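The values are calculated or read from the model by the stated rules, or taken from the named source; none is laboratory data. The model shown is predicted, which means the values in this text are computed figures rather than measured ones. Don't worry about glycine lacking a Cβ; one is built from the backbone with ideal geometry, like all the others, and counts go over all protein chains shown. Side chains included, ligands, DNA and RNA excluded: accessible areas come from the protein's heavy atoms. Shrake-Rupley method; radii C 1.70, N 1.55, O 1.52, S 1.80 Å.
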Amino acid sequence: MSKVLVVTSGKGGVGKTTSTAALGAALAQSGQNVVVVDFDVGLRNLDLVMGAERRVVFDLINVVQGDARLSQALIRDKRCETLSILPASQTRDKDALTSEGVARVMDELREKFDWVICDSPAGIERGAQLAMYHADMAVIVTNPEVSSVRDSDRIIGLLDSKTKKAEQGEKVDKHLLLTRYDPARAARKEMLSVEDVLEILSIPLLGIVPESEDVLKSSNVGAPVTLAAPTSLPARAYFEAARRLSGEKLEVSVPVEKRGFFDWLFKRDA
Amino acid sequence: MSFLANIFARRQQSSSVAKDRLQILLAHERSSGGESGESDLIRQLHKEIMEVIARHVAVDQDKVQIKVDRGSGCSMLEIDVEVPQELSGKRAS
Ligand SMILES: Nc1ncnc2c1ncn2[C@@H]1O[C@H](COP(=O)(O)OP(=O)(O)OP(=O)(O)O)[C@@H](O)[C@H]1O
Ligand SMILES: [Mg+2]
């Protein structure tokens, strides 16, 4: 049975696109058929993070408007054959995305894939609402910081009112993904703690992704962190989050490097 | 100091990959009147090539794959058309 998952946050720059790519790749690496869909019309970036930017021909709007077939717009990942991307348009106006057109494309995607993962634009306006409308599940990406938590709360409100599930009297299955988490700053109490954020938002925790240079390096080379640096801390957090999404019950741990400083240096060196 | 050199070498590597990727992408986005210009060209080519093929064979749009690979200096445009069985049979006999 296929699942539509929206990765959303309200606030910009918290790690939605990074998380879409990493979770999508992690689920695909476990053998499931996954498509990641860029809903950030006008500011597409998922193609760059996935390393598919040279291969974009058609986009979501072309498919919605009937100018291209879905199969023509999908780009299959070169490293992982169960992973595909549907890019956003870079130039068109987001009003070109009609609700009916999006509904048709989502139905078609559901038939082809086990997971349809939608990368939401920032904000709470139409673009974000279109991205979440068809969702069965939501990953709310939050940084341990006041404005991000506040915006996540607003997004949770929208998920409970402005989605197809909500209209049918059902609930979107919501999960909190805490990203850019800095254990050292948390220890010094300079950052909201995991418990604080969970208490305020009261939705289940999907994972804690640490702040890490591996994320930046991966986006430099155009690969989800789970493909580029599969043993890194952020990749491990994303792999575990993907297993939880697939229904496994796993305890969430705070990601800390268990090695000493010199091991760390030699790991870089290798 | 070799391990330090290594750290910097690796950092250099991923950022220079990033720079190369961006240069190629932006060169394409800036030329031919922005990305839409280039995509419009590809779409036009696709449309006209399909019209020529359609004069000879009935093709199913779902059996047509269009691929692009933008490089530095040149791009590859690849159009795969699955030709129906009857026709290839006729030609063979
Ligand atoms: N765990 C992390 N460690 C370090 N850097 C990170 C991490 N997660 C994301 N980033 C960086 O933060 C920046 C924003 O990430 P990203 O583009 O994924 O956010 P976004 O929520 O999609 O942004 P937007 O709202 O603009 O779409 C990027 O430069 C990314 O590399
Ligand atoms: Mg984004």
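Based on what the data block shows, is B:GLU86 more than 8 Å from chain A (Cβ to nearest Cβ), at pLDDT 85 or above and surrounded by fewer than 14 Cβ atoms within 10 Å (Cβ to Cβ)?
Against the criterion (more than 8 Å from chain A (Cβ to nearest Cβ), at pLDDT 85 or above and surrounded by fewer than 14 Cβ atoms within 10 Å (Cβ to Cβ)), B:GLU86 does not qualify.
Taken over region A:1-21, the residue count meeting the criterion of being closer than 12 Å to A:LEU245 by Cβ, within 13 Å of ligand 2 (Cβ to nearest atom) and either of a type in the set (D, E, K, R) or part of a helix (DSSP H, G or I) (or both) is 1.
Right, A:LYS11: within 12 Å of ligand 1 (Cβ to nearest atom) and open to solvent by 40 Å² or more (accessible area, probe 1.4 Å) or not? Yes; evaluated as a whole, the condition is true for this residue.
Just the residues that are in contact with a Ser or Thr (Cβ under 7 Å, 6 or more places away or on another chain) and either within 16 Å of ligand 2 (Cβ to nearest atom) or within 8 Å of another protein chain (Cβ to nearest Cβ) (or both), please, taken from region A:220-230. Walk me through it before giving the result.
So the first thing to find is which residues in region A:220-230 are in contact with a Ser or Thr (Cβ under 7 Å, 6 or more places away or on another chain), and the list is A:220-221, A:224-225, A:228-229.
Within region A:220-230, A:ASN220, A:VAL221, A:PRO224, A:VAL225 meet the criteria.
If only residues of region A:133-156 that are within 12 Å of the chain's Cα centre (by Cα) and among the hydrophobic types (A, V, I, L, M, F, W, C) are counted, the one that is nearest to ligand 2 (Cβ to nearest atom) is A:VAL141.
No other residue among A:LEU233, A:LEU206 is within 24 Å of A:SER30 (Cβ to Cβ), in contact with a Leu (Cβ under 6 Å, 6 or more places away or on another chain) and more than 16 Å from ligand 2 (Cβ to nearest atom) apart from A:LEU206. Restricting region A:199-221 to residues that are more than 15 Å from ligand 1 (Cβ to nearest atom) and open to solvent by less than 50 Å² (accessible area, probe 1.4 Å), the residue that is farthest from the chain's Cα centre (by Cα) is A:LEU201.
May I ask you to verify whether B:ILE66 is facing chain A (nearest Cβ under 8 Å) and touching a Phe, Trp or Tyr at 6+ places or on another chain (Cβ under 8 Å)?
Taking the combined requirement at face value, the residue satisfies it.
Among the residues in region A:121-135, are any open to solvent by less than 10 Å² (accessible area, probe 1.4 Å), modelled with pLDDT of 95 or more, in a loop (DSSP other than H, G, I, E, B) and within 16 Å of ligand 1 (Cβ to nearest atom)? No, that holds for no residue. Just so you know, in region A:22-53 the residues that are open to solvent by 10 Å² or more (accessible area, probe 1.4 Å) and assigned to a helix (DSSP H, G or I) include one that is farthest from ligand 2 (Cβ to nearest atom), and it is A:GLN29.
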